[in-house]
1. Got a sec? Which of B:I341, B:I259 is without any contact (Cβ under 8 Å) to a residue 60 or more places away in the chain, of a type in the set (A, V, I, L, M) and part of a helix (DSSP H, G or I)?
2. Exactly one condition in (1) within 10 Å of chain B (Cβ to nearest Cβ); (2) part of a loop (DSSP other than H, G, I, E, B); (3) small (G, A, S) is false for A:G187; which is it?
3. Is one or more of the residues making up region B:134-149 within 14 Å of chain A (Cβ to nearest Cβ), out of contact with any strand residue (DSSP E or B) (no Cβ under 7 Å at 6 or more places or on another chain), open to solvent by less than 40 Å² (accessible area, probe 1.4 Å) and at pLDDT 85 or above?
4. Among (1) open to solvent by less than 30 Å² (accessible area, probe 1.4 Å); (2) under 13 Å from B:G428 (Cβ atoms), there is one condition B:V372 misses while meeting the rest; what is its number?
5. How many of the residues making up region B:171-209 are over 24 Å from B:I426 (Cα atoms) and either acidic (D, E) or away from chain A (no Cβ under 14 Å) (or both)?
6. Looking only at region A:153-170, count every residue that is in contact (Cβ under 8 Å) with a residue 60 or more places away in the chain and in a helix (DSSP H, G or I) and tell me the total.
7. Being open to solvent by 50 Å² or more (accessible area, probe 1.4 Å), outside the structural domain of B:A432 (by TED's automatic domain parsing) and within 30 Å of A:I158 (Cβ to Cβ) is the requirement here; does B:E58 meet it?
8. With respect to A:K173, is the statement that it is closer than 28 Å to A:Y50 by Cα, free of Cβ contacts under 8 Å to residues at least 60 places away in the same chain, of a type in the set (K, R) and within 11 Å of another protein chain (Cβ to nearest Cβ) true?
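The values are calculated or read from the model by the stated rules, or taken from the named source; none is laboratory data. Everything numeric in this text was worked out from a predicted model, so none of it was measured. When we count neighbours, we look across all protein chains shown, and the Cβ atoms used for this are built from the backbone with ideal geometry, even at glycine. Just so you know, the surface numbers come from the protein's heavy atoms only, side chains and all, with ligands and any DNA or RNA stripped out. Shrake-Rupley method; radii C 1.70, N 1.55, O 1.52, S 1.80 Å.
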Amino acid sequence: MRQFLPNTIIISPIGEIEDDILKAIEKGVKDAFGYPTEITPLIENVDFAYDAHRDQYHSTPILERLSDTAPAHCLKILGIVDVDLFIPILTHVYGEAQLGGKASIISTYRLKKGILEPFRSEKYVCRLRKEAAHELGHTFNLKHCREQSCIMHYCRRIEDVDHKSERFCRYCKILLNDEIKRLRAKGIKPLPT
Amino acid sequence: MSGTKILIVDDELIMRESLAGWLERDGHDVFTAASGEEALEKIKETHFDIILLDIRMEGMSGIEALKHIKEDDPEVAIVMITAYGSISTAIEAMKGGAYDYLLKPFDPEELGILIEKIIKDQARQRENLFLREQYKDRIRFESLLGQSKAMQEIFDLIEDIGPTDSTVLILGETGTGKGLAAKAIHTYSPRSQGPFVVVNCGAFPENLLESELFGYQKGAFTDAKKTKKGRLELAHGGTLFLDEIGEISMRMQIDLLRILEDRVFYRLGGTQPIEADFRVIAATNKNLDDAIKSGAFREDLYYRLNVISFTMPPLRQRKEDIPLLAEHFLRRFAQETNKHIDQISREAMDEMMLYDWPGNVRELQNAIERAVVIAKGRKIMPEDLPIFRQEHRTPPKSKSLKEVEKHHIAEILRETNWNISRSAKILGIDRATLYNKIKRYQIEKSS
């Protein structure tokens, strides 16, 4: 019997996320990591993660749920939500990821800041692509980078997200390639370039 | 490796885990403890740079834990975590030595800025300490000595590899003289007329190490008021000694590998490639094989450094060198302090021969330095040696090496009122090693 190896990055919208935006994110993810991608909703809502006291959604249980529902061909998952996310010790997060794990998530909620018509804005889409690659980067074992233009740079303010590029710096590229090599040794290959 | 070591102490699992995850993604080495008691256990095994300590916990309170931790390690930065209701307690904690406090939940920006500030402050302190130690070593510890077979082999090796231009990796415990061996290799090399440039990789955080090595152009960053040459450039024509190579970050490992391959680099903010011709000698007391297995050290860099490698023997494996070394240090310190001391008594020498010297030659040097200060007559007596307590100076034959070591450690702990940092410094070992020995020998405060 042929062994089935996971090699696909799944983009999983949760709630109402526009198709055009999803496609733009999917393209960004494919360009950044080189693995096959697909858009597949894996969970219907994130009500289970709602915290009434904070009126926000706890991102960590969402990651666990995404990871649990991942199909066999899924290498990594990126969840996309439009609600405000938090982790208990911090006031808010733009996204979260399992370091070296399977699941990551981003929220569109705070990335709309300062943009009047987000869905028509290239700036907004660009922010989403950057945060998507950043959180997925964590699942490939990449940590925050102090190179301000690198996609793995941790942005304290939304303006910093706008300033960073959509690329990995030289260092992060090498570390990402190391991780991809490790996956390749297990038979998990990206798309031929 | 090389990330800042952070301990989170909070009795709420969810708080510990969410903060740990965030800090790990930020590149730090994160540990957690669910209570003040567990935190005290953890600090016995590991040295932390920063401790994030919740004030309100079941059992030992954060304030109480702060007191105990500060007694053990006055240098660790402790940030108190508090809810709105406990701000006054947090302020009280700062009077008790806490670095700062944070209100739960924190703004990620606030947390990031605070951690960065602590790292910079600690780097400055480490650099000052390193410069002081380097100065001390230069004037006091300038020659390798030894008649033992182990040291004769090291001397032969140094003579053989000195004239080659190969990269050398020196392994060995702390205090065994790895830096001196590196200097000796430089002296035997055709580069001996060139500079011998030392970089203590463990003394700098990543960004400072980068500017130390590469230098920078004026305006490369806010504090770069004028162009500065890095140590790579300064080592041109000579030898670059990278001490504590096991401590460098992944990012610096990538840079170093590239430099070792092409010998070309750029100053920070610079666009002109700079070529430098230097030989590299690296040293570490870490087990790099283990570091490679855990993914903390790049295998490609290891093979690039490990062209020629040797291990400096610990002093306990060359005890026959103790008299020679002790006499050497005696002469030096007597001269420095202008005291007329010219002998070490037979009893004192016997005691020294029985001891295990976990801090190696550096510990022996410190012991003699102190004995010279304390000694009243022309001879160093056992009671002048800080390492041996009066009641332990029983005939040597009745004691094993382990017993002597145990008693010595207990004595130093008693002398310093169980100040772990100070005791470790006197013994010439790190705090984690001292904690391990306390545990292994079951030394207790009352003993």
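1. Values: B:I341 fails: part of a helix (DSSP H, G or I).
Result: B:I259 is the single residue among B:I341, B:I259 that is without any contact (Cβ under 8 Å) to a residue 60 or more places away in the chain, of a type in the set (A, V, I, L, M) and part of a helix (DSSP H, G or I).
2. So the condition that A:G187 fails would be (1).
3. At the first step, the residues of region B:134-149 found to be within 14 Å of chain A (Cβ to nearest Cβ) are none.
No: region B:134-149 contains no residue that is within 14 Å of chain A (Cβ to nearest Cβ), out of contact with any strand residue (DSSP E or B) (no Cβ under 7 Å at 6 or more places or on another chain), open to solvent by less than 40 Å² (accessible area, probe 1.4 Å) and at pLDDT 85 or above.
4. B:V372 satisfies all of (1) open to solvent by less than 30 Å² (accessible area, probe 1.4 Å); (2) under 13 Å from B:G428 (Cβ atoms) except (2).
5. To start, the set of residues in region B:171-209 that are over 24 Å from B:I426 (Cα atoms) comprises B:182-199, B:205-209.
In the following step, the residues that additionally are either acidic (D, E) or away from chain A (no Cβ under 14 Å) (or both) were identified as B:182-199, B:206.
Counting residues in region B:171-209 that are over 24 Å from B:I426 (Cα atoms) and either acidic (D, E) or away from chain A (no Cβ under 14 Å) (or both) gives 19.
6. Final tally of qualifying residues: 1.
7. On the way: open to solvent by 50 Å² or more (accessible area, probe 1.4 Å): yes; outside the structural domain of B:A432 (by TED's automatic domain parsing): yes; within 30 Å of A:I158 (Cβ to Cβ): no.
No: the conditions fail for B:E58.
8. Numbers: closer than 28 Å to A:Y50 by Cα: no; free of Cβ contacts under 8 Å to residues at least 60 places away in the same chain: yes; of a type in the set (K, R): yes; within 11 Å of another protein chain (Cβ to nearest Cβ): yes.
No.
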